[in-house]
Amino acid sequence: MDAELMATLDSIASKDGVQGVLIADDMGLCLGARGIAKPAASAFVASIANTALELSDRGETEDKSQYPTIHIEYEHHKLIIRNEGAFTLAIFT
């Protein structure tokens, strides 16, 4: 799985407009980071995703299409965070 995860990170990071990508497990441990994404941010990213899920009316859902997607805009960057159950993905554009 490690090689597959790294290949997925590299694939996402190589897309046009992507400046960084981070994957964290459900406890906030960084599983991998590329580009401007800092591994130290993984716990914050996971916390944002988990809090957004708790705020939604979906609560504990098994349907991954029901997980919220969070968009954060900065002056020069955008951050998209998506919880996928066992892991959280953050893409910096």
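The values are calculated or read from the model by the stated rules, or taken from the named source; none is laboratory data. Computed from a prediction, not measured in an experiment: that's the story for all the values here. Note: ideal-geometry Cβ built from the backbone for every residue, glycine included; neighbour counts use all protein chains shown.
Counting the residues of the range 29-43 that are within 21 Å of Tyr74 (Cα to Cα) and assigned to a loop (DSSP other than H, G, I, E, B) gives 3.
Being in contact with a strand residue (DSSP E or B) (Cβ under 7 Å, 6 or more places away or on another chain) and modelled with pLDDT under 95: is that true of Leu22 here?
Working: in contact with a strand residue (DSSP E or B) (Cβ under 7 Å, 6 or more places away or on another chain): yes; modelled with pLDDT under 95: no.
Answer is no for this residue.
Can you name the residue in the range 52-93 that is among the basic types (Lys, Arg) and either farther than 19 Å from Pro39 by Cα or under 11 Å from the mean Cα position of the chain (by Cα) (or both) and, of all such residues, is modelled with the lowest pLDDT? Taking the candidates together, the pick is Lys64. Can you find a residue in the range 67-77 that is of a type in the set (Ser, Thr, Tyr), in a strand (DSSP E or B) and surrounded by 13 or more Cβ atoms within 10 Å (Cβ to Cβ)? There is no residue in the range 67-77 that is of a type in the set (Ser, Thr, Tyr), in a strand (DSSP E or B) and surrounded by 13 or more Cβ atoms within 10 Å (Cβ to Cβ).
Every residue in the range 1-28 that is loosely packed, with under 13 Cβ neighbours inside 10 Å and either over 17 Å from Lys78 (Cα atoms) or aromatic (Phe, Trp, Tyr) (or both), please. Within the range 1-28, Met1, Asp2, Ala3, Glu4, Ala7, Asp10, Ser11, Met27 meet the criteria. Among the residues making up the range 14-30, those that are out of contact with any helix residue (DSSP H, G or I) (no Cβ under 6 Å at 6 or more places or on another chain), touching a residue at least 12 places away in the same chain (Cβ under 8 Å) and over 19 Å from His71 (Cβ atoms) are Asp25, Asp26, Met27, Leu29.
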